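J.: Submitted below is the structure of interest, expressed as structure tokens.
Every read-out reported here was derived from the displayed coordinates using simple, explicitly stated rules and does not represent laboratory data. Predicted model, so just to flag it, every value in this text is computed and none were measured. Reconstructed Cβ throughout: ideal geometry from the backbone, glycine too, with neighbour counts over all protein chains shown.
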Amino acid sequence: MSSDATSASPSTPVHAAPTLVTTLTTARLVVVPLAARHREVCVAAYAASNALWSSYLASAASGEALEVQFNKRLERSVEGWSKGVVAGTEFVFVAVDRATGAFVGDCNLGGLFRGSVWECNIGWRVAADAQGKGLAFEMVRAVVAWGFGPEPAGPNLHRICAAIMPGNDRSIRLAERLGFAFEGTKRELILIGGTWRDHHLYGLINRAWVAR
Ligand SMILES: CC(C)(COP(=O)(O)OP(=O)(O)OC[C@H]1O[C@@H](n2cnc3c(N)ncnc32)[C@H](O)[C@@H]1OP(=O)(O)O)[C@@H](O)C(=O)NCCC(=O)NCCS
């Protein structure tokens, strides 16, 4: 198998664990599990936005074909949603404009810990033409609310962690507006475009979210 092949067929449907809520509706967005039907709008958005994302995101800086980037994300989505709330899973959401169906952004909760740690790492990005409109905030707020939602509809996380590269000011502003607190810096955490990059860690705790 070649290194960019995916074990899930690109047309494999997403079957979410039956009790999980999977459709999040906000004022301007519908946020749902990434599925094969999103291929066209996603690949077009990647083409328009990859240059902007590549300063901060390893996948966008990878140089891989956009179809391959989509296939890898789709494979993680199919696998994660079918596994449900178990250690190691990843929930991949895509946000589309409610009126037009256009890709707005995506947001994932990955690396789920279960046991004495109930945490996920969150990732987010919005298309170049969707920035500066509060749409990232709207998308991420919906996913965070879902992540902290009680079982069986949500994963009932205790903590959500975001790793943000120093200088990624828009992401830092977004995290702080959502209530994430700075918790420290991991040195040389992520390989982006051939360079190991330090990342600031931001954390949000379920109790603080509910009380905000
Ligand atoms: C990080 C990222 C998602 C932030 O997107 P964003 O559009 O700036 O974020 P928000 O949705 O919070 O929008 C905030 C901006 O919209 C403006 N805005 C306009 N209308 C608004 C509305 N109705 N509601 C709220 N904000 C609104 C705000 O004033 C703010 O503008 P400012 O940044 O100039 O002050 C985006 O820059 C991105 O995709 N970056 C590349 C990928 C990346 O870095 N991912 C994270 C890796 S850790």
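J.: Please enumerate the residues belonging to the stretch 33-57 that are in a helix (DSSP H, G or I) and away from the ligand (no atom under 11 Å from the Cβ).
T.: Ala36, Arg37, His38, Arg39, Glu40, Val41, Cys42, Val43, Ala44, Tyr46, Ala47, Ala48
J.: Turning to a different aspect of this structure: Considering only residues that are in a helix (DSSP H, G or I) and of a type in the set (Gly, Ala, Ser), which ones fall in the stretch 58-86?
T.: Ala58, Ser59, Ala60, Ala61, Ser77, Gly80, Ser82
J.: Of all residues in the stretch 175-205, which are touching a residue at least 12 places away in the same chain (Cβ under 8 Å), assigned to a strand (DSSP E or B) and among the aromatic types (Phe, Trp, Tyr)?
T.: Phe182, Tyr202
J.: In addition: Please enumerate the residues belonging to the stretch 65-101 that are of a type outside the set (A, V, I, L, M, F, W, C), in contact with a Ser or Thr (Cβ under 9 Å, 6 or more places away or on another chain), in contact (Cβ under 8 Å) with a residue 40 or more places away in the chain and closer than 22 Å to Glu138 by Cα.
T.: Listed by number, the list holds a single entry, Arg98.
J.: Filter the stretch 148-173 for residues that are within 14 Å of the ligand (Cβ to nearest atom) and either part of a loop (DSSP other than H, G, I, E, B) or under 19 Å from Val92 (Cα atoms) (or both) and give the result.
T.: Ile160, Cys161, Ala162, Ala163, Ile164, Met165, Pro166, Gly167, Asn168, Ser171
J.: Hey, another quick one. Could you check the stretch 87-144 for strands (runs of 3 or more DSSP E) lying wholly inside it with 3 or more residues that are under 22 Å from His15 (Cβ atoms) and not small (Gly, Ala, Ser)?
T.: Hits in the stretch 87-144: 91-97, 103-110.
J.: If the Cβ limit is 9 Å and pairs must be 6+ apart or interchain, which residue in the stretch 131-152 that is farther than 14 Å from Asn121 by Cα pairs with which residue that is among the acidic types (Asp, Glu)?
T.: Within 9 Å, the pairs are Leu135/Asp97; Met139/Asp106.
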